[in-house]
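First comes the structure, then the notes that go with it.
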Amino acid sequence: MVTKVVDLRSDTVTKPSEAMRAAMAAAEVDDDVLGADPTAQRFEAEMARITGKEAALFVPSGTMGNLVSVLTHCDTRGSEVILGDSSHIHMCENGGISTIGGVHSMPVVNNPDGTMDIDKIVAAIRHRVGAGALHYPTTRLICLENTHGRSGGKCLSAEYIDKVGEVAQSHGLKLHIDGARIFNASVALGVPVDRLVRAADSVSVCLSKGLGAPVGSVIVGSKAFIDQARILRKTLGGGMRQVGVLCAAAYVAVRDNVGKLADDHRKAKVLADGLKKIKQFTVDLTSVETNMVFFDIADPRITSDKLCQLLERRNVLAMPGTSKRFNSVCSTAFLLSAY
């Protein structure tokens, strides 16, 4: 007898669909490091079209996508990037921009909705002029995250992103968007992806979360940006040969699963509504905008670790957030998952 398991650990816990597996098996491939893989070329061109940018580049992971993007914009050691204090780049990517790139982080407080106050962004900008010329790093980049994971999958509006883009442009800076779940934001807001990222100089898009591809992310931007990013991808060991095998699955993921994200969001709201009925938990239903549900454990006798153990005995896999907080995500690619 097959035991059914509900996996709430992550929306990265997916399995390739039969269509993905068939596309991988049939993919036309060549050496992508030499710029010759036709499947990779077609997929990158499609992602550039969807996002409204000139060019795109497939990378093995979202962390590499963000790292390559930041280092491409901040090509001088001692550069500074303004980003949210609870952003994924700042909190969960091993400090790569500093340890590998020599880029300094200037964190600005993230609001509960994932934004940073515009005036605080402006106040954080530093240039090598005047009294600070000998002391301060030089700000070269602003990073946003959409949706914002640690804020519960909140969506940043096109209008807000435009305002940040105006700040960046007026100060001679670049704007990068960590768009790991940008398609979730697009679906939830009813705004096309290209409109959401219009003000951005670069965007990273994860293909292996809710979209369900087995591997990979893509970064998009101008042709000049992607040309430089391709060199950094090679430097970081991300140049792969017959990568069309992976791009074929990613193409199917974008084609087939973007349309299913709205149902993921619906499931998240159903999950939140059910959790709210359990007196040991507290849930803010208004905070559920996309596929994430954050809930707090109100009973002092229960910890996240203990709840995980109890759930596992009932064939439900989960990962704790903090000792008293759970972060759950809904994903069509594997029924239910957690961030």
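The values are calculated or read from the model by the stated rules, or taken from the named source; none is laboratory data. Source: prediction; values computed, not measured. Counting neighbours? That spans all protein chains shown, and the Cβs are built from the backbone with ideal geometry, glycine included. With ligands, DNA and RNA removed, areas are computed over all heavy atoms of the protein, side chains included. Shrake-Rupley method; radii C 1.70, N 1.55, O 1.52, S 1.80 Å.
Structure notes:
- Taking R230, R126, R150 and ordering them by how much accessible surface each has at a 1.4 Å probe, largest first, produces R150, R230, R126.
- Rounded to 5, percent antiparallel among DSSP beta bridges of segment 115-269: 45 percent
- Each part reduced to its alpha carbon centroid, segment 86-144 and segment 216-239 end up 22 Å apart.
- Global geometry of the chain, whether rounded, prolate or oblate, following the gyration tensor of its Cα atoms and the 1.5 cut on a/c: oblate
- Remark: segment 18-256 carries a charge dipole of roughly 280 debye about the Cα centre, counting +1 on each Lys and Arg Cβ and -1 on each Asp and Glu Cβ.
- Apolar share of the accessible surface for the chain: 55 percent from carbon plus sulfur atoms, 1.4 Å probe.
- Three-way shape call for segment 125-243 based on the alpha-carbon gyration tensor, with the a/c threshold at 1.5: oblate
- Computed per residue of the chain from DSSP H runs no shorter than four, each worth -39500 (n - 2.57), the mean residue ellipticity at 222 nm is -11000 deg cm²/dmol.
- Aspartates and glutamates with Cα under 14 Å of K120, excluding same-chain neighbours fewer than 8 positions away: D85
- Long pairs among K163/K267; K15/K306; K4/K209; K209/K279, criterion Cα-Cα beyond 24 Å: K163/K267; K15/K306; K209/K279
- Sorting the segments 200-210, 23-33, 242-252, 308-318 by their residues' average number of neighbouring beta-carbon atoms within 10 angstrom, most packed first, yields 200-210, 242-252, 23-33, 308-318.
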